[in-house]
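Worksheet for the structure shown next.
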Amino acid sequence: MDKELVDRLVDEAKTLAAETESARETMMAASRRRQEAILGLKAAGLSVRAIATRLGSSPSVVQDALRTAIARHPATNRREERFPYELHVLLAAKLHQDPGHLLDLALENISRMRATPRAPIAERWLNRWEAILKLPVVEIEEAMLKDDDEGRDMRQISPFAGALDRNERMIAMKKAQLLAQG
C-alpha cells in the first residue's frame, strides 16, 4: 500500500477525531449551560410546567435537566461556599458568550487588587487566576467550578467583580437558596 496514502489517511483520521472531540465538548458545555439556565428559571420562581411551556418542551425534560443540574452542584450547607459557586456558574455562562470582555475585566481587576498589599496566600491566588485566565474557555470554566479546596479558595478572591448585574446576582442567590433546601 502507498505509504503517502496511508500517512494522509492517518492524518485525516486524527484531525477528524480531534474535531469530533471538540464538537462533543462544545455540545456538552451547551447542554450544561441550558440545564443551569433551567435551574435559574426554577430559582426565579417559575414552575416546571411554566418553564416547559416557555421552552416548548415537556415537563419531564425540564425535570431531567433540573435533576442533572442539581446533581452537578457541590453539596454544601455553607452559604459562603454555595453563593460564590452559583455566581461563578453564571460567570462561566457569560464567559462562553463574550470571553474577551470578561477576561479583560478580570485582568483589570487583578491589576487593581495587586495595588493593595495582600497576604502571600492572596498573591498566590491572584497568580493562579492569571494562569487560569490564559487557558481555553472550557478549562477556565472547569477551574472556576472545581469542587475542591483550591476551587473554593479561588472563588473567594474572584477577579470577576462587576461582571454580573444585580438581577444576575439575585438569581445566583436564589439558586443557592433553592439548592440549600434540598
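The values are calculated or read from the model by the stated rules, or taken from the named source; none is laboratory data. Owing to the predicted nature of the structure, the values given are computational and were not obtained by experimental measurement. Neighbour counts are summed over all protein chains in view; Cβ atoms, including those assigned to glycine, are modelled from backbone coordinates with ideal geometry.
General remarks:
- When we screen GLU36, GLU81 for residues that are touching a Lys or Arg at 6+ places or on another chain (Cβ under 9 Å), within 23 Å of LEU164 (Cβ to Cβ) and in the same structural domain as ASP148 (by TED's automatic domain parsing), the only hit is GLU81.
- Test result for ALA50, in contact (Cβ under 8 Å) with a residue 12 or more places away in the chain, more than 17 Å from ALA172 (Cα to Cα) and of a type in the set (A, V, I, L, M, F, W, C): no
- Helices (runs of 4 or more DSSP H) lying entirely in the range 1-88 (those with 1 or more residues that are surrounded by fewer than 16 Cβ atoms within 10 Å (Cβ to Cβ) and modelled with pLDDT under 75): 3-43
- Matching residues in the range 38-62 - criterion: being closer than 19 Å to VAL89 by Cα and not β-branched (Val, Ile, Thr): LEU39, GLY40, LEU41, LYS42, ALA43, ALA44, GLY45
- Filtered residues of the range 77-129 (kept if of a type in the set (Val, Ile, Thr) and either closer than 14 Å to SER158 by Cα or touching a helix residue (DSSP H, G or I) at 6+ places or on another chain (Cβ under 9 Å) (or both)): VAL89, ILE110, ILE121
- For the range 121-145, a tally of residues being outside any helix (DSSP H, G or I) and surrounded by 15 or more Cβ atoms within 10 Å (Cβ to Cβ) returns 2.
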